[in-house]
Amino acid sequence: MLRMIIALGADHGGFPLKKPVSEATESGGNTVLDLGTFDETPVDYPDYAKSVADSLTSGRAQRGILLCGSGVGACVAANKIAGIRACLCHDTYSAHQGVEHDNMNILCLGARVIGPALAVELVNSFLGATFSGAARHKRRLEKIVALEKPLHHE
Ligand code: RB5
């Protein structure tokens, strides 16, 4: 398994999963970059999505995990940032296949939807996977990068 720095961010809705997710990440030999939040005081998930995304685009971390109530808001916010491929995965197949085929770099989870045991399995699937590097997967990623460019609709 790869050893990586994993940026972890949660809003108050995701906070209950933070400890099991953090422990699973570290037990896999990875280092957690904890970007908050640190209690269940209401906060705004876009702030944490931005912190985690920025840590990836700046090279401080290799992958990220975002937690909110449903996982949806954090996912939507993170994907606004170029270079981010965040996905809400509540099944283990998507959690690893999203890395292998799509080079997903942020896993989003909803703490009001799944419990800690499944969250740990999802984290292990996500962190244990690597991008295939296959020509067809690279070609599709290049098309995603083209979509990030302002004039892609021309
Ligand atoms: C916070 O109440 C909640 O809206 C947030 O955690 C998340 O579920 C949004 O998608």
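Testing the spin-label approximation: label points 7 Å from Cα along Cα→Cβ at Arg112 and Lys19. State their distance in nm.
It is 2.2 nm.
How large is log10 I(q)/I(0) at q = 0.13, 0.20 Å⁻¹ when the Debye formula is applied to the Cα atoms of region 27-154, each weighted equally and without solvent?
So the normalised log intensities are -0.53, -1.24.
For region 1-98, with the dipole built from +1 on Lys and Arg beta-carbon atoms and -1 on Asp and Glu ones, taken about the Cα centre, which of Gln97, Ala49, Phe38 lies farthest toward the positive end?
Farthest towards the positive pole: Gln97.
Could you bin all the Cα-Cα distances of region 50-100 into 10 Å bins starting at 0 and give me the percent of pairs in each, rounded to whole numbers?
Using 10 Å bins, I get a P(r) of 25, 55, 19 for region 50-100.
Would you kindly enumerate the cysteines in the chain that have no other Cys beta-carbon under 4.7 Å from their beta-carbon?
Lacking a cysteine Cβ partner under 4.7 Å: Cys68, Cys87, Cys89.
Charges on Cβ only, +1 for Lys and Arg, -1 for Asp and Glu, centred on the Cα centroid of region 37-154; of Val120, Leu67, Ala86, which one is farthest towards the dipole's positive end?
Farthest along the dipole direction, towards plus: Ala86.
Given a Förster radius of 30 Å and the C-beta distance between Leu147 and Thr31 as r, what FRET efficiency does 1/(1 + (r/R0)^6) yield to the nearest 0.05? Walk me through the numbers before you get to the answer.
Numbers: r = 32 Å, r/R0 = 1.06.
E between Leu147 and Thr31, to the nearest 0.05, is 0.40.
Summing Lys, Arg as +1 and Asp, Glu as -1, what charge do residues with Cβ under 11 Å from the Cβ of Ser125 carry, Ser125 excluded?
-3
By a straight-distance test (C-alpha under 15 Å), which aspartates and glutamates pair with Lys143 as possible cross-link partners, with residues fewer than eight away in the same chain excluded?
Asp102, Glu154
Relative to the longest principal Cα axis of the chain, at what angle does helix 116-127 sit, 0 to 90 degrees, rounded to 10?
Tilt of helix 116-127: around 30 degrees.
If you wrap a convex hull around the C-alpha atoms of region 79-153 and split its volume per residue, what is the figure in Å³? Could you put the intermediate results ahead of the total?
Working: hull volume 6.8 nm³, N = 75.
Hull volume normalised by residue count: 91 Å³.
If the only charges are +1 at each Lys and Arg Cβ and -1 at each Asp and Glu Cβ, what is the size of the charge dipole of the chain around the Cα centre, to the nearest 20 debye?
580 debye
Between His137 and Glu40, 0.36 nm times their residue separation minus their Cα-Cα distance comes to what?
Residue separation times 0.36 nm, minus the Cα-Cα distance, leaves 31.0 nm.
Can you give me the relative contact order of the chain as a percent, contacts being Cα pairs under 8 Å and 6 or more apart?
With pairs under 8 Å counted, the relative contact order is 25 percent.
Which one, Ala24, Ala74, Ala117, has the greatest fluctuation when you compute a Gaussian network model over the chain with C-alpha springs under 10 angstrom?
Ala117
Among Ile144, Ile65, what is the fewest-to-most ranking by other Cβ atoms within 10 Å?
Fewest-to-most Cβ neighbours within 10 Å comes out as Ile144, Ile65.
Any read-out appearing in this document is the output of simple, stated calculations on the displayed coordinates, not a laboratory observation. If you're wondering where the values come from, they're calculated on a predicted model, not measured in any experiment. Positions of Cβ are backbone-derived with ideal geometry, glycine not excepted, and every protein chain shown enters the neighbour counts.
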